[in-house]
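Worksheet for the structure shown next.
The values are calculated or read from the model by the stated rules, or taken from the named source; none is laboratory data. Keep in mind that this is a model prediction, so the values were computed, not measured. A quick note on method: Cβ atoms are made from the backbone with ideal geometry, for glycine too, and the neighbour counts reach across all protein chains shown. Surface areas here come from the heavy atoms of the whole protein model, side chains and all, with no ligands, DNA or RNA. Shrake-Rupley method; radii C 1.70, N 1.55, O 1.52, S 1.80 Å.
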Amino acid sequence: MTFPTDRQRLADQLTIGSELIYLPRQDVEHLGLTRDAILELTRQALVEHGHRRYEMPAKIGVHPYDNVFHHAMPAYLPGPGIVGMKWIACYPDNPRTCALPQTTGLLVLNDVDTGVPLAVMDSAWLTAMRTPAVTALAAAALHPDATTFGMFGCGVQGIEHVRYAALAMPRLETVHVYDTNGAAADALIATLQPELEVRIIKGASAEAVTKSAEVLSSATVILRRPLAVVKDAWVTTGQTILPCDLNTFWDPRTTRRADKYLVDSVEEHELFASMGYFPDGLPEVAAEIGEVLAGVRPGREHADEIIVNSNIGMAVCDIAVGNALLHRALERGVGMRLPL
């Protein structure tokens with residue numbers, strides 16, 4: 001799937017400047033945008049980023065409480081002509097204290113030619129889908145021959161990470177999963193094993209999973225102080241580590257001794273470091289994952305390299321997927337038309 005870019009067709013379906021489309025989460029989820037399509041849209045957005053064909057300032061935000069943030073994530077992709085912003089909040093204690101998701105938000109898309117809003121949509125599903133898409137694309141690029149994948153965190157993100165890994169990693173045979181809440185790991189296996197051909201195994205411990213998989217990912221909580229659940233001594237040569245929870249889950253010594261430390265956005269990681277999320281300092285960055293996917297910088301060059309690729313989410317991916325959702329909604333007559 002390529003970026004939908006037909007503005008005239010969009011203008012034929014929406015009175016630009018007089019109305020916008022509002023898509024609640026239920027509509028977004030039921031538009032039928034497949035994981036294959038999201039993988040391809042995300043890949044294209046990352047390649048555009050790798051070639052520096054974008055405008056995307058580092059996330060700016062406010063922080064009402066410790067370990068909580070609200071971030072504004074604007075982006076512009078000039079090639080396909082997509083501009084918009086995600087407004088997202090992260091409250092790590094929400095699931096425990098009030099039975100609400102850790103991450104919530106909205107995505108706004110605007111018309112490049114006039115600047116007027118075109119759509120407002122829930123971004124929770126979009127975030128849950130494009131985040132593991134980045135991980136899976138990175139895994140396939142950095143470790144194409146991997147047969148084993150380890151997943152730390154078995155919530156919404158963990159479930160989707162396993163789905164995307166099975167889709168994007170061509171030789172994957174076995175997935176090892178671990179969660180401090182054992183019931184969450186059991187639920188993931190009960191949900192996914194009937195639909196996936198790969199074997200899913202519940203890890204006895206974080207150490208056991210670390211030592212069982214060539215590629216490892218984590219989707220837990222985002223905290224300033226590292227929990228360092230995975231000890232550096234457990235990590236061996238040749239492994240690929242793909243956190244999407246900053247430095248929370250991993251021993252900082254691992255990222256410092258890695259042969260390559262990659263990120264999705266240098267600017268965003270520098271911003272988080274300035275906010276105290278890397279208390280031991282941000283490791284030296286070898287490349288951005290978009291540069292690897294675009295062929296601008298090398299990924300894995302030797303089988304025994306330890307590679308860490310931290311991906312914390314970029315608005316270029318959000319607006320790419322959001323734009324496809326908007327076009328699909330208009331084609332199918334889905335969503336509420338609100339006057340401007």
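Quick check on residue 45: is it in contact (Cβ under 8 Å) with a residue 40 or more places away in the chain, under 18 Å from residue 268 (Cβ atoms) and open to solvent by less than 40 Å² (accessible area, probe 1.4 Å)?
yes
Annotation: residue 267 fulfils all but one of (1) more than 15 Å from residue 153 (Cα to Cα); (2) in contact (Cβ under 8 Å) with a residue 60 or more places away in the chain; (3) part of a loop (DSSP other than H, G, I, E, B); the unmet one is (3). Listed by position, the helices (runs of 4 or more DSSP H) inside segment 145-264 whose residues that are surrounded by fewer than 16 Cβ atoms within 10 Å (Cβ to Cβ) number at least 2 are 182-192, 252-257. Residues in segment 2-15: is at least one of a type in the set (Phe, Trp, Tyr) and modelled with pLDDT of 90 or more? Within segment 2-15, none of the residues are of a type in the set (Phe, Trp, Tyr) and modelled with pLDDT of 90 or more.
Residue-wise test of (1) out of contact with any Leu (no Cβ under 8 Å at 6 or more places or on another chain); (2) hydrophobic (A, V, I, L, M, F, W, C).
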{"residue": "276", "(1), (2)": "yes, no"}
{"residue": "284", "(1), (2)": "yes, no"}
{"residue": "309", "(1), (2)": "no, no"}
{"residue": "312", "(1), (2)": "no, yes"}
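A count restricted to segment 1-40 and to residues that are in a loop (DSSP other than H, G, I, E, B) and farther than 14 Å from residue 322 by Cα stands at 5.
In the condition set (1) buried (at least 18 other Cβ atoms within 10 Å of the Cβ); (2) within 25 Å of residue 88 (Cα to Cα), residue 32 is compliant with all but (1). Taking segment 88-105, which residues are surrounded by fewer than 17 Cβ atoms within 10 Å (Cβ to Cβ) and under 20 Å from residue 324 (Cβ atoms)? Selection gives nothing.
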